[in-house]
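Q: Structure provided below as structure tokens; questions to follow.
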Amino acid sequence: MMPRSIVWAFSKKYIAGKSLEEAVQLVKKLNEKGIHATIDVLGEAITNKEEAVESKVECIQVLNSIEKNKLMANLSLKPTQLGLNLDEKFAYEQTKEILEQAKSLKNFVRLDMEDSPYTDATINLYKKLLSDYGNVGIVVQAYLKRTFDDVVLLNKLGTNYRLCKGIYIEPQNIAYKERQVIRDNYVKLLEAMLKSGNYVGIATHDEYLIDEAYRLIKGLKIPKDKFEFQMLLGVREDLRDKINEDGYKIRIYVPFGEHWYKYSVRRLKENPTIAGHVFKNLFSLK
Ligand code: FDA
């Protein structure tokens, strides 16, 4: 168990706050700089259906608040927060209500991608929501060996992607482990997505990949309304500002909520690289 005060000391850089109001104020500041946001209500995989219903209500509140405050923002959600780990049909019913509200507000919802036990279920949920509502996108992970095959199929559906490396610890038989191999796969996937004409959220803080993305976008003459860059709150703000100044659209992932502690500790356990950043941040605390 890590003391909450210590965990909060580093987490606060990466989390907008505990309340929706704090997230709204932070997004307003980003928007003033021309930076877009995607808001995420922090949560773990839920253990009963009541919790999924609570998550749904919170997601709808976020959408309403985006509308009320005229924010340049959309919503990201984790399917297990809506019950994908309990009952796929139930999770669809919950997510569908969020999609309905988003549609009525002309907004957009992205399904985050969690660990590999949920990859197929998340893609199935996405396909059903896409055919019923349309205003939904998905995330794919460059470290998974299956992802290129998934993209071949998803391209045909007119998918709106977020492409990331992937954050979870996955077994070697299904996931690439070497840094450069993951990067190479990321570039290969990005090229396939851009060439398909589908919309891509290029989610990374890796300068090598951002350079490669610039090269592909220019080389393939991809119009600016076919992609955006995406980064996590509190990470590489220098690079974020540079991309913004270069005239490309950039969106920041803004998590908030009461579940910040569990979320932060889980992230620390999952990814030793992030633990490295955490401790660097701890040492620079005033
Ligand atoms: P890499 O990890 O190599 O980081 C590049 C550089 O960025 C580092 O050298 C460091 O300088 C900096 N950096 C990265 N992370 C940092 C941190 N936490 N603190 C401080 N500095 C840091 N994953 C997933 O499995 N499912 C998902 O749905 C999503 N969603 C998502 C949304 C958005 C908008 C982003 C940016 C990322 C995700 N991810 C994700 C996480 C993603 O898979 C990946 O783990 C992280 O983005 C880190 O990978 P990079 O490509 O940034 O490279």
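Q: Of MET231, LEU20, VAL41, whose Cα points farthest to the positive end of the dipole of region 17-269 (charges on the beta-carbon: +1 Lys, Arg; -1 Asp, Glu; origin at the Cα centre)?
A: Value computed over the given set: MET231.
Q: Which listed residue (PHE148, TYR199, ILE217) has the Cα farthest towards the positive end of the charge dipole for the chain, taking +1 on Lys and Arg C-beta and -1 on Asp and Glu C-beta about the Cα centre?
A: ILE217
Q: Between LYS156 and LYS188, what is the FRET efficiency for a Förster distance of 22 Å, r being their Cβ-Cβ separation, to the nearest 0.05?
A: Efficiency, from the Cβ-Cβ distance: 0.80.
Q: Run the Debye formula on the Cα coordinates of region 33-153, all scatterers equal and no solvent, and tell me log10 I(q)/I(0) at q = 0.19, 0.21 1/Å.
A: Result of the Debye calculation: -1.02, -1.20.
Q: Among the listed pairs LYS33/LYS226; LYS68/LYS89; LYS70/LYS103; LYS49/LYS96; LYS103/LYS156; LYS106/LYS128, which have their C-alpha atoms separated by more than 24 angstrom in this model?
A: Distance filter (> 24 Å) returns LYS68/LYS89.
Q: Counting only C-alpha contacts under 8 Å and six or more residues apart, can you give the relative contact order of the chain as a whole percent?
A: 24 percent
Q: Then there is this: Once you charge only the Cβ atoms, +1 for Lys and Arg and -1 for Asp and Glu, what is the size of the charge dipole of the chain about its Cα centre, to the nearest 20 debye?
A: 640 debye
Q: Let me ask you something else. Hey, could you get me the Stokes-Einstein D for the chain, Kirkwood radius over alpha-carbon pairs, 37 °C and 0.692 mPa s, rounded to whole µm² s⁻¹?
A: Answer, rounded: 170 µm²/s.
Q: Among 238-251, 195-208, 77-90, how do they line up from the highest to the lowest mean number of other beta-carbon atoms within 10 Å?
A: Packing order, densest peptide first, comes out as 77-90, 195-208, 238-251.
Q: Same structure again: Give me Rg/Rg_expected for region 193-237, where Rg uses Cα atoms only and Rg_expected = 2.2 N^0.38 Å with N residues.
A: 1.16
Coordinate-derived values only; no laboratory data. Just so we're clear, the structure is a prediction, and the values are computed from it rather than from any experiment. Note that we place each Cβ from the backbone using ideal geometry, even for glycine, and neighbour counts take in every protein chain shown.
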